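The values are calculated or read from the model by the stated rules, or taken from the named source; none is laboratory data. This is a predicted model, so every value here is computed, not measured. Methodologically, a virtual Cβ is constructed for each residue, glycine included, from the backbone with ideal geometry; neighbour enumeration extends over all protein chains shown.
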């Protein structure tokens with residue numbers, strides 16, 4: 001495993017080059033810069049009790065969460081990291097490939113500073129089952145757990161995973177408050193279609209449970225309901241037509257059984273929501289320097305503000321490092337053309353093919369960096385208050401503790417020195 | 001690009017009517033679906049590009065207004081290149097059209113009720129009582145059946161309804177790899193809930209198309225460990241459920257600016273920075289000799305970094321080759337993907353015989 005780094009040229013020479021040359025092209029005007037996000041300060045602050053990593057899929061949320069948790073633990077905090085869907089080898093190296101829904105100590109952490117790290121992988125179905133069992137009598141719980149609608153709801157309802165991640169967070173937090181097991185909880189969020197699903201899930205679940213249709217289904221079980229009258233007739237016959245009669249019966253049984261635990265659910269959802277709004281919570285929005293990921297990040301930042309949730313900042317993963325020399329893409333490509341002319345003119349050259357290849361690579365690198373810088377600048381221009389940490393792309397996936405340690409160091413590294 | 005014929009005699013999937021494109025988040029699945037639709041249109045086909053995840057990604061990529069639940073014309077394929085025979089036998093220069101459809105489960109359900117059960121009024125009543133929302137969010141599997149059902153309806157030959165357009169191909173920008181088998185395996189998904197009844201019958205009809213050779217499920221991946229592993233898992237899952245595995249599109253590959261010898265040389269540190277600096281001087285790169293020496297060092301370090309990543313890509317590429325399915329490669333475009341970039345990617349897919 002190796003971390004991308006472009007070896008800087010000798011410090012003396014490169015800085016003299018900067019002075020001698022003028023920037024050309026898009027980099028000439030330095031775009032709006034976001035304030036730097038100091039993650040070491042965040043995780044070492046005893047006032048930080050919960051860190052929630054969110055963002056769209058494929059941006060490195062899980063790795064970010066695990067790396068921060070590990071760094072905090074090695075700095076002396078008692079940490080638990082709750083992950084959703086880690087890469088297999090990363091899960092193995094953390095000792096959490098078993099889905100038993102309980103935090104397990106991670107072996108191989110440096111505990112010299114007095115900290116510790118537990119990790120767990122969320123099993124949304126068992127979490128849901130636990131909630132049902134805690135809310136209903138044993139017989140009722142069994143009836144619910146066996147209903148096909150419950151089985152489907154608990155394993156595939158859009159939002160269940162998000163909701164259960166929050167539920168588990170609430171459980172661990174309550175437990176930690178009692179026995180002091182942890183002083184920092186780091187949460188990874190599910191790879192949602194949209195990052196917003198995470199915040200919408202509790203509302204969706206409880207509005208579903210509160211919905212008119214549910215009331216309607218409950219009505220016959222609760223006695224005559226005249227108000228429904230015609231409407232209900234049309235609906236049941238329509239549903240029977242489409243789904244078949246058995247489905248409707250199963251559904252009614254499920255809703256009737258579930259009715260008693262609704263209240264408990266809503267209350268818990270409300271508690272978790274308040275916990276997320278608390279001062280000790282810090283949201284980290286994770287993104288990649290791509291248009292879609294940053295757009296999602298922007299939505300999320302705005303939504304957190306609307307919901308009065310505390311945002312710590314933005315982590316931009318997978319960024320390409322800015323080339324350390326001032327040679328624009330256009331200059332590099334022009335040089336390849338001149339080199340070609342010189343070569344065909346018979347000039348004695350060292351390795352023109354290699355030099356051209358290197359120049360083209362450089363041009364490619366510069367263009368990518370310029371695009372990414374531009375995208376980040378647009379984000380910063382519309383969200384100037386959001387502190388940002390930029391993490392260079394790794395050349396391989398992280399699948400061991402050393403890898404996580406390195407990511408932790410990159411996440412908390414001071415910002416690259418500005419060039420002017 | 002790598003060793004691919006520049007003008008494949010016949011596309012690999014000419015008999016396929018429904019192209020399902022899946023991939024792990026961040027691999028560019030939507031981009032590839034759009035490029036594939038354009039590539040198919042460039043062979044003279046009329047293509048419908050569908051999205052089902054409510055993101056309006058198609059509208060953004062093609063730079064058009066957000067799409068309604070209605071088929072809209074969004075682009076023309078590139079006319080077949082002058083002087084080369086078209087693979088499909090379409091008249092030279094005749095490009096097909098790409099239409100797009102944004103499918104949401106709520107509209108699909110109302111559409112479905114109206115189409116199959118003539119439930120116009122009752123359908124609206126259902127909406128008023130929140131049944132539509134209920135059915136599309138909770139009733140498990142129903143959501144997927146509705147989404148895939150609409151795609152099925154668009155893809156089947158002899159579709160009914162006023163002004164129903166016939167498409168030569170339908171491209172579905174599908175849910176990510178982790179969910180694709182469940183998404184397409186609609187009849188099993190419903191089995192626990194609806195053992196009989198019209199929805200079940202409908203799901204079974206759909207499965208017949210999905211399991212046939214008129215369907216191909218393509219995977220998009222990048223040459224990194226996790227997406228490649230997920231692709232392997234996805235292919236295995238599909239095969240287990242007898243769903244047809246299509247090709248693998250390896251997206252965002254690094255440029256081949258250095259050949260194998262140069263890569264080895266750069267990695268071994270065999271190239272002299274002073275030699276490169278001299279070449280830079282010959283190429284008219286201005287500055288002092290010192291600056292050029294520093295630049296040469298920097299370029300070599302970029303080269304080493306590139307070589308290292310190329311080697312890692314090659315290791316993943318070898319794994320992809322073991323899947324034993326046709327593979328295609330799309331380069332990473334340094335400027336990002338805009339509409340022009342989509343056409344560029346479509347041309348790559350055509351050259352490699354995917355369309």
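Just a few scattered comments:
- Residue match in region A:17-27 (condition: surrounded by fewer than 20 Cβ atoms within 10 Å (Cβ to Cβ), modelled with pLDDT of 85 or more and either assigned to a loop (DSSP other than H, G, I, E, B) or touching a strand residue (DSSP E or B) at 6+ places or on another chain (Cβ under 6 Å) (or both)): no
- Those residues of region A:346-375 which are more than 7 Å from chain B (Cβ to nearest Cβ), farther than 14 Å from residue B:266 by Cα and part of a helix (DSSP H, G or I), in sequence order: A:363, A:366, A:369, A:370, A:372, A:373, A:374, A:375
- Within region A:30-57, considering residues that are closer than 30 Å to residue B:22 by Cβ and crowded, with 23+ Cβ neighbours inside 10 Å, the one nearest to the other protein chains (Cβ to nearest Cβ): A:56
- Region A:318-345 - residue that is in contact (Cβ under 8 Å) with a residue 40 or more places away in the chain and outside any loop (DSSP other than H, G, I, E, B) and, of those, farthest from the other protein chains (Cβ to nearest Cβ): A:319
- Residue check: residue B:95 meets all listed conditions (1) at pLDDT 85 or above; (2) part of a loop (DSSP other than H, G, I, E, B); (3) within 12 Å of chain A (Cβ to nearest Cβ) but one, namely (3).
- Residue, farthest from residue A:296 (Cα to Cα), within region A:376-420, restricted to residues that are within 14 Å of another protein chain (Cβ to nearest Cβ) and part of a helix (DSSP H, G or I): A:403
- Only one of the listed residues (A:282, A:278, A:257, A:312) is farther than 30 Å from residue B:335 by Cβ, surrounded by 19 or more Cβ atoms within 10 Å (Cβ to Cβ), more than 10 Å from chain B (Cβ to nearest Cβ) and over 19 Å from the mean Cα position of the chain (by Cα). That residue is A:257.
- Residues of region A:108-125 satisfying the condition of being free of Cβ contacts under 8 Å to residues at least 40 places away in the same chain and either under 16 Å from residue A:187 (Cα atoms) or touching a helix residue (DSSP H, G or I) at 6+ places or on another chain (Cβ under 9 Å) (or both): A:110, A:111, A:112, A:113, A:121, A:123, A:125
- The condition (being modelled with pLDDT of 95 or more and in contact with a strand residue (DSSP E or B) (Cβ under 7 Å, 6 or more places away or on another chain)) is satisfied by just one residue among A:59, A:106, A:79: A:79.
- Number of the condition not met by residue A:177 [criteria: (1) part of a helix (DSSP H, G or I); (2) at pLDDT 85 or above; (3) touching a helix residue (DSSP H, G or I) at 6+ places or on another chain (Cβ under 9 Å)]: (3)
- Residue, modelled with the lowest pLDDT, within region B:3-24, restricted to residues that are out of contact with any helix residue (DSSP H, G or I) (no Cβ under 9 Å at 6 or more places or on another chain) and farther than 18 Å from residue B:213 by Cβ: B:3
- Check on residue A:289, part of a loop (DSSP other than H, G, I, E, B) and under 25 Å from the mean Cα position of the chain (by Cα): yes
- Residues located in region B:223-261, provided they are surrounded by fewer than 22 Cβ atoms within 10 Å (Cβ to Cβ) and closer than 30 Å to residue A:350 by Cα: B:253, B:254, B:255, B:256, B:257, B:259, B:260, B:261
- Tally, over region A:292-309, of residues that are assigned to a loop (DSSP other than H, G, I, E, B) and out of contact with any helix residue (DSSP H, G or I) (no Cβ under 7 Å at 6 or more places or on another chain): 0
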